[in-house]
1. On the given criteria, is Ile17 more than 22 Å from Ala68 (Cβ to Cβ), of a type in the set (Val, Ile, Thr), surrounded by fewer than 12 Cβ atoms within 10 Å (Cβ to Cβ) and at pLDDT below 90?
2. Give me the pairs, please: first residue somewhere in region 1-29 and within 30 Å of Cys62 (Cβ to Cβ) and part of a helix (DSSP H, G or I), second residue anywhere and at pLDDT 85 or above and among the polar types (S, T, N, Q), beta-carbon distance under 8 Å, and either six or more positions apart or on two chains.
3. For Met12, only one of the following conditions fails: (1) exposed (fewer than 13 other Cβ atoms within 10 Å of the Cβ); (2) at pLDDT 90 or above. What is its number?
Amino acid sequence: MVTTYIPKTPIMNPNRIQRIAKKLIDEAGEDRQLALETHRFFREMVDENPQDAAAKNLLVDCLKVAQASKNNIVKVLNLLIKMEENTDSSDTTKYSASSKGKTMFSELDNLTDA
């Protein structure tokens, strides 16, 4: 007889959400770096041959990818901040960035000040 799986802990707990967000931010940063590197490559091609229309089009596409990855990072951070603001302070599963009780928002604020 098949039994129904009942998890002991919530599937989407704060730690898992933070790990997923960190992974998304890391991947978006990597995508941005690769797009900017490719942009430099096509920029060199356009400098050598200003008539190369394909290189010019790909140059613009690389910038679009770089900007989209930056926008995706901002969206992920905004979602995390909204989740933090919506949690109740009396909740035992508060989204925190460290064991000292600092909130994720305050940690992000410290990173932007540095």
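1. No; evaluated as a whole, the condition is false for this residue.
2. Final answer for the pair search is Leu24/Asn72; Ala28/Ser69; Ala28/Asn72; Gly29/Ser69.
3. In the conditions (1) exposed (fewer than 13 other Cβ atoms within 10 Å of the Cβ); (2) at pLDDT 90 or above, Met12 misses (2) alone.
To keep it simple, each residue is scored yes or no on (1) modelled with pLDDT of 90 or more; (2) part of a helix (DSSP H, G or I); (3) loosely packed, with under 15 Cβ neighbours inside 10 Å; (4) acidic (Asp, Glu).
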{"residue": "Glu37", "(1), (2), (3), (4)": "yes, yes, yes, yes"}
{"residue": "Arg40", "(1), (2), (3), (4)": "yes, yes, yes, no"}
{"residue": "Val46", "(1), (2), (3), (4)": "yes, yes, no, no"}
{"residue": "Asn57", "(1), (2), (3), (4)": "yes, yes, yes, no"}
{"residue": "Val60", "(1), (2), (3), (4)": "yes, yes, yes, no"}
{"residue": "Val65", "(1), (2), (3), (4)": "yes, yes, no, no"}
{"residue": "Ser69", "(1), (2), (3), (4)": "yes, yes, no, no"}
{"residue": "Leu77", "(1), (2), (3), (4)": "no, yes, no, no"}
{"residue": "Lys82", "(1), (2), (3), (4)": "no, yes, yes, no"}
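The values are calculated or read from the model by the stated rules, or taken from the named source; none is laboratory data. In this text, all values refer to a predicted model and were calculated from it rather than measured experimentally. Virtual Cβ from ideal backbone geometry, glycine too; neighbours counted across all protein chains shown.
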